[in-house]
Amino acid sequence: MYLELIAVLKELANDGNVVVAAVTGAGDFFTSGNDLSNFTIGDDPIPVKAAKGRVLLAEFVSAFIDFPKPLIGLINGPAVGLGVTTLALYDVVYASDTATFHTPFSTLGQNAEGCSSLLFPRIMGYSKAFEMLAFNRKMTAKEALDASFISAIFPQSSFRKETMERVRAYAKLPRNSLMIAKKLVRGVERDLLHKVNKAETDHLEERWQSDECLNAIAQFFSRKSKL
């Protein structure tokens, strides 16, 4: 999935006919988080898996940092993990009233990703950001709106219709003007975002090899098998 979305973002960035891009989920969820079975399958030793995972995750987040056109998130339902943290790299985020935002990193012995360690405190303030990123607090759509994490909430029954109307309207605006607007707003911190991305993924490579993380993942699958 990571490689596919990286390729799509690059294709959209280079397509002269594309003015804005929108990302939404299939079904009832926006994202369901990382597939933790990646840590338990395959013949590679854990350090090799961790190193490969760091490279892939860093490239994935970089694709969002470097995307030159307006990027709109359409959060159609619950969002977990990387699908939440990277929302701070979008330009506008709309959510269904059924959406929730959950980053259960410390539960799994991991740490923040997607530049959220920098951007979440900027957007919602340090206390709320730490509560989400360290204490695993799940945020409702209303709470996300109040914290300026999202721009608007729409009823689930009309979510796709109302949000796509906005996306189509934005797509009629001058492409170069929008790209300049984004460059002026985001360009000044692009290098900083890449540094933060590297720091987060470097820590994650260590975390993925730690007893805390491996034990937490084992406990996760143990609980899941008892359901």
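Just a few scattered comments:
- Any pair with Cβ under 6 angstrom, 6 or more apart, that starts in the range 82-109 at a residue that is free of Cβ contacts under 8 Å to residues at least 40 places away in the same chain and ends at one that is aromatic (Phe, Trp, Tyr): Thr86/Phe64
- Single condition Tyr170 does not satisfy, out of (1) surrounded by 17 or more Cβ atoms within 10 Å (Cβ to Cβ); (2) touching a residue at least 40 places away in the same chain (Cβ under 8 Å); (3) in contact with a Pro (Cβ under 8 Å, 6 or more places away or on another chain); (4) not charged (D, E, K, R): (1)
- For the condition within 19 Å of the chain's Cα centre (by Cα), closer than 19 Å to Leu71 by Cα and aromatic (Phe, Trp, Tyr), Phe154 does not qualify.
- Some residue of the range 19-32 being assigned to a helix (DSSP H, G or I), among the aromatic types (Phe, Trp, Tyr) and either out of contact with any strand residue (DSSP E or B) (no Cβ under 8 Å at 6 or more places or on another chain) or open to solvent by 50 Å² or more (accessible area, probe 1.4 Å) (or both): no
- Residue count for the range 134-150 satisfying the condition of being open to solvent by less than 30 Å² (accessible area, probe 1.4 Å) and not aliphatic (A, V, I, L, M): 1.
- If you go through the range 151-167 and pick out every residue that is among the β-branched types (Val, Ile, Thr) and either touching a residue at least 60 places away in the same chain (Cβ under 8 Å) or open to solvent by 90 Å² or more (accessible area, probe 1.4 Å) (or both), you end up with 2.
- The listed residue being over 21 Å from the mean Cα position of the chain (by Cα) and of a type in the set (A, V, I, L, M, F, W, C), out of Leu173, Leu145: Leu173
The values are calculated or read from the model by the stated rules, or taken from the named source; none is laboratory data. What you see is a predicted model; the values in this text were computed from it and never measured. Neighbour counts run over all protein chains shown; Cβ positions are idealised from the backbone, glycine included. The accessibility values were calculated without ligands, DNA or RNA, using every heavy atom of the protein model including side chains. Shrake-Rupley method; radii C 1.70, N 1.55, O 1.52, S 1.80 Å.
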